[in-house]
Amino acid sequence: MDLSLTEEQLMIQETARRFADAELAPHAAELDLTKDYSRLAANCRKLAELGFMGLNIQGEYGGSEAGTVAFSLAITEVARRCASTAVTMSVTNMVAEVIQAMGTEAQKQQYLPELCSGAFTAGSFCLTESSAGSDPAAMRSRADAVEGGWRLSGTKQWITSAELAGVFVVWAVTDPEAPKGKASAVF
């Protein structure tokens, strides 16, 4: 079995390394100290231009289709220089992947190109609750089907990149009678 990186993976790794060294490293400490969201937003837009905000997303939705190994290489290089930017990049990719896997075709068409292109600076993942932590089986937030969509009730906390997000994936219980509740994503 050949576990060598492909040319594309090596190119993505090198691009991420150069970007992180030139664009992220000089401002990472300042970003952490000041929580300057305009700096983080600029970083995210540049990552989108490089195709790093949809690395595992199909090309028809604006993604790079680079795969998990390429994602791992890119996120490692970004995180090496700026953890804050890496977290936002990672969560945005995760949000896009959830929408790609679970969303309707209309939702994919509406949200994925915006995330991948940087039109939405980031995506947010709403899972954590004060009484449940990040355990989906212990969640109390509810999503009840109503005409035209869902009605959400409950509270979430620690929403990564909420200040920048153009779309939020909210995890909520849709069937409270199911064993341990049945968690679903609502966009």
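A short reminder: the numbers here are calculations on the coordinates, not readings from a lab. As the structure is a computational prediction, the values presented were derived from the model and not from experiment. Using ideal geometry, Cβ is built from the backbone for each residue, glycine included, and neighbour counts are taken over all protein chains shown.
Points worth noting:
- Hydrodynamic estimate: the Kirkwood radius of segment 1-77 over Cα pairs, inserted into Stokes-Einstein at 37 °C and 0.692 mPa s, corresponds to D of 245 µm²/s.
- Interchain or long-range residues, amide H under 5 Å from Phe125's placed H: Thr160, Val169
- Whole-Hz ³J(HN,Hα) from phi, Karplus 6.51 cos²θ - 1.76 cosθ + 1.60, for segment 34-50, glycine and proline x: 9, 6, 6, 5, 5, 5, 4, 4, 4, 4, 5, 4, 5, 4, 5, 4, 7
- Among the GluC sites (Glu not before Pro) found in segment 42-127, those both in a DSSP coil and sparsely packed, with 15 or fewer other Cβ atoms within 10 Å of their Cβ, are Glu65.
- The simple spin-label model puts a point 7 Å past each Cα toward its Cβ; for Arg45 and Trp150 those points are separated by 3.1 nm.
- For the pair Leu3 and Gln107, label points projected 7 Å from Cα toward Cβ lie 3.6 nm apart.
- In summary, the chain shows an alpha-carbon radius of gyration equal to 1.09 times the 2.2 N^0.38 Å reference for compact globular proteins.
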